[in-house]
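**Q** First the structure, then my questions, so here it is.
The values are calculated or read from the model by the stated rules, or taken from the named source; none is laboratory data. What you see is a predicted model, and the numbers here were worked out from it, not measured in a lab. As a convention, Cβ positions derive from the backbone with ideal geometry for all residues, glycine included, and neighbour counts pool all protein chains shown.
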Amino acid sequence: MLKLLPHFTSLGVHLKRERKARKMSQSVLAQQAQLSIDTLRLLENGSGNLSSFWAVLSTLNLDIIGRNLPQGQHIGEQITTLRKRQGLSQRELMKLIPISQPTLIELERHTGGRLQTLDRVLAVLGVEASLAPPGDTPTCLAHAGNSANTILEGDCLTVLPSLATASIDLIVTSPPFADARKSTYGGVPPEAYVAWFLPINQELYRVLKLSGSFILNLKEKVHSGERHPYVLQLILALKQQGWLWTEEYVWHKKNWYQFS
């Protein structure tokens, strides 16, 4: 089983996009929000204090929106509600990020702290956060709650890009082994397997929640009288992408048969 490291788009990046969409310079926005240009630059780089971030959002008339983000008086209340819905205590959420309890309490009760903390909390909770004017909720977010019981059939290379970032709890896949299923997949040779799988895996990495798990069922093949190392090569390549290799499972099949 492989478990991923943080992967999300900072609210600071969305802030920069909104500023540029309005054709505003950093100096103009900083002046209107009564902040220094250096403070605004920090925010757009995903750093800085939340008090400054709220000042900029107020100036631009923007709110935080995101998949599965519940209603609330403020973002701290929304985070608390979502955390409880997912059955997470403060202590459990703290371990996933990690942050201290005073830091989480400051965010949930007073919407205070650092922008980096807010980014990471939203990512762990599976919120694909972005910015929009108050009441402006995209259709894809408004109906996201209906997707829990939906089966999506299609090529993963086509379907995966349509899924929200950090929206999946568990991925289980058994791709064709090297040189197998030639009539369907063309038979990927072991030497080319890593290059073939990594583009698919990049999307798996994107859609999986920080707290999620990825289980990959794969088996080596005999090549020139020995086990080909393509599975090990793939694991090392996945670690380069940011995954953590945490467990190895054995699939005990009583009705197996020997491949020649």
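**Q** I'd like the residue in segment 171-195 that is among the charged types (D, E, K, R) and either modelled with pLDDT under 75 or in a strand (DSSP E or B) (or both) and, out of all such residues, is nearest to L152 (Cα to Cα).
**A** Of all residues in segment 171-195, those among the charged types (D, E, K, R) come to 179, 181-182, 191.
Filter once more, so that each one left must be either modelled with pLDDT under 75 or in a strand (DSSP E or B) (or both): 181-182.
Details: R181: 23, K182: 25 Å.
Ranking the candidates gives R181 first.
**Q** Check off (1) within 22 Å of the chain's Cα centre (by Cα); (2) among the hydroxyl-bearing types (S, T, Y); (3) buried (at least 16 other Cβ atoms within 10 Å of the Cβ) for T59 and give me the number that stays unchecked.
**A** Of the numbered conditions (1) within 22 Å of the chain's Cα centre (by Cα); (2) among the hydroxyl-bearing types (S, T, Y); (3) buried (at least 16 other Cβ atoms within 10 Å of the Cβ), the odd one out for T59 is (1).
**Q** Restricting the first residue to segment 237-252 and requiring it to be touching a residue at least 24 places away in the same chain (Cβ under 8 Å), which pairs with a second residue that is aromatic (F, W, Y) meet a Cβ separation below 8 Å and a spacing of at least six or different chains?
**A** Note: pairs meeting the criteria are L238/W245; Q241/Y205; G242/Y205; W243/Y205; W243/F214.
**Q** Yes or no: segment 208-221 includes at least one residue that is at pLDDT below 80, closer than 30 Å to G126 by Cβ and not assigned by TED's automatic domain parsing to the domain that holds V127. Spell out the reasoning first.
**A** Kept after step one, since they are at pLDDT below 80, are these residues of segment 208-221: 210-211.
Pick out the ones that are also closer than 30 Å to G126 by Cβ and you get 210-211.
Still in the list and also not assigned by TED's automatic domain parsing to the domain that holds V127: 210-211.
Yes, segment 208-221 contains a residue that is at pLDDT below 80, closer than 30 Å to G126 by Cβ and not assigned by TED's automatic domain parsing to the domain that holds V127.
**Q** Looking at segment 4-14, can you tell me whether even one residue there is at pLDDT 95 or above and in contact with an Asp or Glu (Cβ under 9 Å, 6 or more places away or on another chain)?
**A** Checking segment 4-14: not a single residue is at pLDDT 95 or above and in contact with an Asp or Glu (Cβ under 9 Å, 6 or more places away or on another chain).
**Q** While we're here: Tell me yes or no: at least one residue of segment 120-137 is at pLDDT 90 or above, part of a loop (DSSP other than H, G, I, E, B) and buried (at least 17 other Cβ atoms within 10 Å of the Cβ).
**A** no
**Q** Checking L96 against (1) farther than 30 Å from Q31 by Cα; (2) out of contact with any strand residue (DSSP E or B) (no Cβ under 6 Å at 6 or more places or on another chain): exactly one of these is not met. Which one?
**A** (2) is the only condition that L96 fails.
**Q** Does G112 meet the test of being outside any helix (DSSP H, G or I) and modelled with pLDDT under 95? Don't jump to the end; show me each part of the working.
**A** Details: outside any helix (DSSP H, G or I): yes; modelled with pLDDT under 95: no.
No, not satisfied.
**Q** Please find, within segment 167-196, the residue that is farthest from G66 (Cα to Cα) out of those that are in contact (Cβ under 8 Å) with a residue 40 or more places away in the chain and among the aromatic types (F, W, Y).
**A** F177
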